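Participant: Below you'll find the structure I mean.
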Amino acid sequence: MSGTDMSGTGTSGTGTSGRGTSGTGTSGTDMSGTGISGTGTSTGVVERAGNGAGPATAPGAVSTADLLRSEMLKLTTTRLWWILLLAVVACSAGFTALIVFGGLNAPRSPLSFGTAGDAVPAYNLAVALAYVFPLAIGVITVTQEYHARTISATLLAEPRRARVYGAKLLVGLATAFVYGASAVLSGALVAAALLSGHGKPTYLTDGTVLGALGGSVLVLTLWGAIGVGVGALVRNQVAAIVGILLVTQFLEPTLRILASSLGNAELGNLLPGGAGDLAGGGTIMTAAAEADGGSQGLGFLVLFLYAVAIGVVGAVRFTRYEVA
């Protein structure tokens, strides 16, 4: 009985552990040779994951929907996004009220409202004056992770950096669209109310005005994409915000005025802000710089190319980030 003991050929011998007996079996190849743990279940999972023959979302991976939801929650669980939303609406409505009211009541005004084309600058002031807000929210979509030091956790949860950047880009575009639509709508309502109150036609059903309003929303949405790229490039939130303020509020206006003073005002339309003004149908800034020579389509093309170029460079830098 000792040679053919139950421990040799019984349940333990031919079951889970190996093939032989305790005395003459292959205990050395018990769990690591041909058993379940050695070349069975565990190795099979690794091989399926490595060969890509498993399901579209491997166990432990983050789905696209979850990734987008996560990025949206990161943005909307702070107060900054709705503070900026209120600010862009207030800026658009306030400056529209001030400028349109002045244009209607000043004895000599650069604004006129005789035709729908003349009224366009009254309706797209958000493009000229409030585009820094969707630009800023695009920057914050990326830089808040570096600022809060949560970027490492995000990239450990989803190591495929291109997917993370793509999710941030989509969230930045969606948020910028909300900002743009809110700013354009608030400004349009104020302008229409003032024009109607002064006995002027509002032109709200005119194709020229509607095209300018739609173009303005699209322009402000593109600024959000540019912001995401800038945020990925700079990473430091304070530096990025200060930088976009300096460029958009001081450097570019100076360059546009300089180009106009040198007799080449159309060159200003090749700058991001100038292209945005042109794509919005022409703004008071376009008129001030005397850069009316370009078309709305040209403005869209130039601004879109800026968004693509900055977005690609930002994506390259984002994907090269080394988790600490």
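Participant: Test of understanding: among ALA90, ALA97, ALA49, which residue is modelled with pLDDT of 95 or more, small (Gly, Ala, Ser) and open to solvent by 60 Å² or more (accessible area, probe 1.4 Å)? Working first, answer last.
Facilitator: Details: ALA97 fails: open to solvent by 60 Å² or more (accessible area, probe 1.4 Å); ALA49 fails: modelled with pLDDT of 95 or more.
Residue meeting the stated conditions: ALA90.
Participant: Might you check whether a residue that is farther than 21 Å from ALA289 by Cα, at pLDDT 95 or above, touching a Leu at 6+ places or on another chain (Cβ under 7 Å) and not hydroxyl-bearing (Ser, Thr, Tyr) occurs anywhere in the stretch 113-135?
Facilitator: Checked the stretch 113-135: at least one residue is farther than 21 Å from ALA289 by Cα, at pLDDT 95 or above, touching a Leu at 6+ places or on another chain (Cβ under 7 Å) and not hydroxyl-bearing (Ser, Thr, Tyr).
Participant: From the list GLY215, GLY229, pick out the single residue that is touching a residue at least 60 places away in the same chain (Cβ under 8 Å), under 26 Å from LEU155 (Cα atoms), assigned to a helix (DSSP H, G or I) and touching a helix residue (DSSP H, G or I) at 6+ places or on another chain (Cβ under 8 Å).
Facilitator: Values: GLY215 fails: under 26 Å from LEU155 (Cα atoms).
Matching residue, one of GLY215, GLY229: GLY229.
Participant: What pairs come out if I take residues in the stretch 154-169 that are β-branched (Val, Ile, Thr) and pair them with residues that are open to solvent by less than 50 Å² (accessible area, probe 1.4 Å) and not in a helix (DSSP H, G or I) whose C-beta lies under 7 Å away, six or more apart or interchain?
Facilitator: What qualifies is VAL164/GLU158.
Participant: Give VAL238, VAL209 a once-over and let me know the one that is more than 17 Å from LEU271 (Cα to Cα) and open to solvent by less than 20 Å² (accessible area, probe 1.4 Å). Break it down into steps so the answer makes sense when it comes.
Facilitator: On the way: VAL238 fails: open to solvent by less than 20 Å² (accessible area, probe 1.4 Å).
Checking each option against the conditions leaves just VAL209.
Participant: Residues of the stretch 218-235 being hydrophobic (A, V, I, L, M, F, W, C), crowded, with 22+ Cβ neighbours inside 10 Å and closer than 18 Å to SER92 by Cβ, which ones?
Facilitator: From the stretch 218-235, those hydrophobic (A, V, I, L, M, F, W, C) are 218-220, 222-223, 225-226, 228, 230, 232-234; that's our starting set.
Next, only the ones that are crowded, with 22+ Cβ neighbours inside 10 Å stay: 219-220, 222-223, 225-226, 228, 230, 232.
Listed by number, the residues that qualify are VAL219, LEU220, LEU222, TRP223.
Participant: Scan LEU68, LEU84 and give me the residue that is under 19 Å from VAL132 (Cβ atoms), modelled with pLDDT of 50 or more and within 30 Å of the chain's Cα centre (by Cα).
Facilitator: Working: LEU68 fails: under 19 Å from VAL132 (Cβ atoms).
Only one candidate passes the filter, namely LEU84.
Participant: While we're here: Restricted to the stretch 314-324, and to residues that are more than 19 Å from THR221 (Cα to Cα) and part of a helix (DSSP H, G or I), which residue is most open to solvent (accessible area, probe 1.4 Å)? Break it down into steps so the answer makes sense when it comes.
Facilitator: Here is the first cut: in the stretch 314-324, the ones more than 19 Å from THR221 (Cα to Cα) are 316-324.
Now narrow it down to the ones that are part of a helix (DSSP H, G or I): 316-319.
Numbers: VAL316: 64, ARG317: 93, PHE318: 1, THR319: 58 Å².
Checked the stretch 314-324; the qualifying residue most open to solvent (accessible area, probe 1.4 Å) is ARG317.
Participant: Checking ALA148 against (1) at pLDDT below 95; (2) open to solvent by less than 40 Å² (accessible area, probe 1.4 Å), which single condition isn't satisfied?
Facilitator: (2)
Participant: Being over 23 Å from VAL242 (Cα atoms) and over 22 Å from the mean Cα position of the chain (by Cα): is that true of ALA90 here? Steps first, answer last, please.
Facilitator: On the way: over 23 Å from VAL242 (Cα atoms): no; over 22 Å from the mean Cα position of the chain (by Cα): yes.
Taking the combined requirement at face value, the residue does not satisfy it.
Participant: Which residues, counting only those in the stretch 156-174, are open to solvent by less than 30 Å² (accessible area, probe 1.4 Å) and in contact with a Phe, Trp or Tyr (Cβ under 7 Å, 6 or more places away or on another chain)?
Facilitator: TYR165, the sole residue that qualifies.
Participant: Considering the stretch 249-297 alone, what residues qualify as being of a type in the set (Ser, Thr, Tyr), surrounded by fewer than 19 Cβ atoms within 10 Å (Cβ to Cβ) and either touching an Asp or Glu at 6+ places or on another chain (Cβ under 9 Å) or part of a helix (DSSP H, G or I) (or both)?
Facilitator: Going residue by residue through the stretch 249-297, those that are of a type in the set (Ser, Thr, Tyr) are 254, 260-261, 283, 286, 295.
Subsequent filtering for residues that are surrounded by fewer than 19 Cβ atoms within 10 Å (Cβ to Cβ) retains 254, 260-261, 295.
Result: THR254, SER260, SER261.
Participant: Still on this structure: Within the stretch 175-189, count every residue that is out of contact with any Gly (no Cβ under 9 Å at 6 or more places or on another chain) and open to solvent by 50 Å² or more (accessible area, probe 1.4 Å).
Facilitator: 3
The values are calculated or read from the model by the stated rules, or taken from the named source; none is laboratory data. Just so we're clear, the structure is a prediction, and the values are computed from it rather than from any experiment. Glycine gets a Cβ as well: all are built from the backbone with ideal geometry, and neighbour counts include every protein chain shown. Accessible surface areas use protein heavy atoms only, side chains included; no ligands, DNA or RNA. Shrake-Rupley method; radii C 1.70, N 1.55, O 1.52, S 1.80 Å.
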